[in-house]
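Here's the structure, in structure tokens; my notes come after.
The values are calculated or read from the model by the stated rules, or taken from the named source; none is laboratory data. Please read all numbers here as calculations on a predicted model, not as lab measurements. Don't worry about glycine lacking a Cβ; one is built from the backbone with ideal geometry, like all the others, and counts go over all protein chains shown.
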Amino acid sequence: MSDVLVIKMEDVHKSYYLANGEEIKVLRGIDLEIKRGEFVALMGESGGGKTTLLNIIGCLHPLTSGKYLLEGENVGNVRDDYTLAFIRNKKMGFVFQQFNLFSRLNALSNVALPSVYAGLKKDEREKRALELLNTLDISDRKNHKPTELSGGQQQRVAIARSLMNNPEILLADEPTGALDSKNGLEVMEIFRNLAKQNKTIIMVTHTAEVAKFADRIIYMRDGKILDHNYTLKSDY
Amino acid sequence: MYFEIFKMAFEALISSKIRSFLSILGIIIGVSTVIVVVGIGSGAKKQIEDQYKNLSATQIMVMQMMGRGAITTSKLEAGDADVIRQKVEHVSDSTAFVSGNTSVSYGKESSSFSLFGITDNFFDITNLDLATGRVLTPEDEDTRAKVAIVGSGLVDTLFGEDMDSEKVIGQTLALSGKKIEIIGVLKQNGGSAMGRMSYDDALYMPYSTAQKTILGGNSQMMIVVLMENVDYVKTGMEEITSALRIEHKLKISQEDDFRMFDPGSMVGAAQESANTMSLLLISIATIVLIVSGVGIMNVMFVTVAERTKEIGIAKAIGAKQENILSQFLFESIILSIGGGLIGVLVGQIIIPILNRFEGWYVVPSFMGVILSFTFSAFVGLFFGFYPAFKASRLDPVDALRSE
């Protein structure tokens, strides 16, 4: 972990509007600082705004108000598809609870997909994807379709995909939610290793067992951060 | 990058084969219809062209009036051709001939043919060419020579199709008990000037020989007039009418004892009706293609709805709007072009089958292939755009949430 701030948020608000015009405030003034190489867990009650905050960090959502500085640059007001797509492609890697692999593509092609959008050549792409599958110990499954892989294997493929374009930040939404505890622990080990390699990891979870792998736990409730460095109540 | 996206689009289509096939069925039917229809259109045109190949647009045919109201005392005569040439302006040439049917035999073979009694400029005016032998001379006319030039159809019928036309020269035919020597053979002409009368199934003799010796009273007198150019045909017909009325000494109360028509206008009318028919059929096929485009649009909307989650994932891992747009656009274009190709193939298979039926004449046309293929690709592009555009503008978070 370094002292460089990768993510800084000032008074970030996010509201949804229902069809009748009613405003639903999901985030109500978030101030947040995350350093490079930090492994942060977002915890809190359901509906507390964890996933919304993660999506905002991932530039999948625009803000309603406030500032979001990504590596010092205010990206909270960016609406341009090219810039947003570039950030999601090169700066972020997403890992989802349900893996979200493309069912028609095999493991290798799934991993390589982000660099298709980045415009990388086929041989370079496949070389890099194979390296990642090797690192994550599933290169023997490279030609398998997602339906032919176990949950743990699928999540490894998904993590490999998130690393494809060598992003600075990994965003994970309940990455162990669909896994048994053994596979869940393995995924956490992978994340710990990535944090050691100076990747910034932000992970939404509601499980203390998973959260304890993080350097820091941020606790949210009702769209606000209650605790920037939450301590788990008991030993896990 | 677009190659990869194209590949993904293709694989997506392959993964749902039945749906892809059903959605292009309309295109297949539409394209093959256009191809067959354009083929029917050009077949009809070709038939008309063949039929009227030797008709010049500058021709006017003058015939004797027959049947009701005919005046037997005054007839069209050979001299009328000269009258027309002298009195009517802008006439480049005219010739009179008699025609009738006669039985011709050679050895044991016998058949009925048209007999034309002609003068020496007949072949120039009617655009008929000699394959071998010699033309008729004024001497033949004066001596009422028993000689004939024969059409290729007559040679085929009486001498057999493998007969060398050179060897026909000098052979003797029997017409109404008279021996006639063949002095020339015409090149194959293919069509006919006036309905059932064929220049191929005919023989040509000196005017006097045909008129006096063979046909006698059973002949019909005709005059072909060639105008200097197409624009004079209409005024030419009016002038011929008045010149002949004066020549035949007709009173105002008497009707014409001759009739005439310009074959050129028949060609025009026939072509026009063939064009109208083609246009009508093409419009119907076009409607089929448009409807099939709506079908493709429908399928694309369903596809986009089904793959909403994929679109969300793709956006989350960095797909630009244009990447999503092009993927779905590729899919609809592959569908429509694929349908177009199959349609072209089906069309090419149908055409020869149709041609086996009596009375069908369909000419495969390159134009039809190009037309229908381009149109189907355009249909895919046009009707695929809106669903693809909608897909590209989906909110990534909403898309990810959908199941």
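Observations on the structure shown:
- Being touching a Phe, Trp or Tyr at 6+ places or on another chain (Cβ under 9 Å), touching a residue at least 12 places away in the same chain (Cβ under 8 Å) and of a type outside the set (A, V, I, L, M, F, W, C) is a property that A:Gln98 lacks.
- Criterion violated by A:Gly72 - all others in (1) under 30 Å from A:Thr207 (Cα atoms); (2) more than 8 Å from chain B (Cβ to nearest Cβ) satisfied: (1)
- For the range A:50-65, filtering for residues that are farther than 16 Å from A:Ile169 by Cα, more than 10 Å from every other protein chain (Cβ to nearest Cβ) and either modelled with pLDDT of 95 or more or under 16 Å from the mean Cα position of the chain (by Cα) (or both) leaves 1.
- Checking the stated criteria, B:Leu226 turns out not to satisfy the condition of being more than 30 Å from the chain's Cα centre (by Cα) and within 19 Å of B:Arg85 (Cβ to Cβ).
- Within the range B:308-329, the set of residues being more than 17 Å from A:Phe96 (Cα to Cα), in contact (Cβ under 8 Å) with a residue 12 or more places away in the chain and within 14 Å of chain A (Cβ to nearest Cβ) comprises B:Gln321, B:Glu322, B:Asn323, B:Ile324, B:Leu325, B:Ser326, B:Gln327.
- Where helices (runs of 4 or more DSSP H) fall entirely within the range A:78-160, those with at least 1 residues that are of a type in the set (Lys, Arg) and more than 14 Å from chain B (Cβ to nearest Cβ) are at A:122-135.
- The numbered conditions (1) touching a residue at least 40 places away in the same chain (Cβ under 8 Å); (2) over 34 Å from the mean Cα position of the chain (by Cα) are all true for B:Arg245 except (1).
- Any hit, the range B:160-178, residues being small (Gly, Ala, Ser), in a strand (DSSP E or B), more than 28 Å from B:Met63 (Cβ to Cβ) and touching a residue at least 60 places away in the same chain (Cβ under 8 Å): yes
- Hits in the range B:269-292 - residues which are farther than 17 Å from B:Val38 by Cα and touching a residue at least 24 places away in the same chain (Cβ under 8 Å): B:Ile290, B:Val291, B:Ser292
- Taken over the range B:1-56, residues that are closer than 18 Å to B:Ser332 by Cβ and among the small types (Gly, Ala, Ser) amount to 8.
- Scanning the range A:10-24 for residues that are surrounded by 10 or more Cβ atoms within 10 Å (Cβ to Cβ), more than 17 Å from A:Asp222 (Cβ to Cβ) and not acidic (Asp, Glu) returns a single hit, A:Tyr17.
- Test result for B:Val397, part of a helix (DSSP H, G or I), within 17 Å of B:Ala319 (Cα to Cα), assigned by TED's automatic domain parsing to the domain that holds B:Gln47 and of a type in the set (Val, Ile, Thr): yes
- Taking (1) among the basic types (Lys, Arg); (2) under 30 Å from B:Met8 (Cα atoms); (3) more than 14 Å from chain B (Cβ to nearest Cβ) in turn, A:Arg36 satisfies each apart from (2).
- Yes/no for B:Ser332 being within 14 Å of another protein chain (Cβ to nearest Cβ) and surrounded by 18 or more Cβ atoms within 10 Å (Cβ to Cβ): no
- Positions within the range B:373-403 being polar (S, T, N, Q) and either under 52 Å from the mean Cα position of the chain (by Cα) or under 29 Å from B:Gly26 (Cα atoms) (or both), in sequence order: B:Thr374, B:Ser376, B:Ser392
So that you can scan it fast, the table gives a plain yes or no per residue for (1) touching a Leu at 6+ places or on another chain (Cβ under 8 Å); (2) surrounded by 14 or more Cβ atoms within 10 Å (Cβ to Cβ); (3) without any contact (Cβ under 8 Å) to a residue 24 or more places away in the chain:
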| residue | (1), (2), (3) |
| --- | --- |
| A:Gly184 | no, yes, no |
| A:Thr207 | no, yes, no |
| A:Gly223 | yes, yes, no |
| A:Asn229 | no, no, yes |
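- Residue within the range B:291-303 that is within 14 Å of chain A (Cβ to nearest Cβ), surrounded by 14 or more Cβ atoms within 10 Å (Cβ to Cβ) and assigned to a helix (DSSP H, G or I) present: yes
- Qualifying residue in the range A:31-44 (condition: under 20 Å from A:Ile217 (Cβ atoms), more than 18 Å from the chain's Cα centre (by Cα) and part of a strand (DSSP E or B)): yes
- Any hit, the range A:107-130, residues being modelled with pLDDT under 95, on the phi > 0 side of the Ramachandran plot and crowded, with 20+ Cβ neighbours inside 10 Å: no
- Yes/no for B:Lys315 being among the basic types (Lys, Arg) and surrounded by fewer than 20 Cβ atoms within 10 Å (Cβ to Cβ): no
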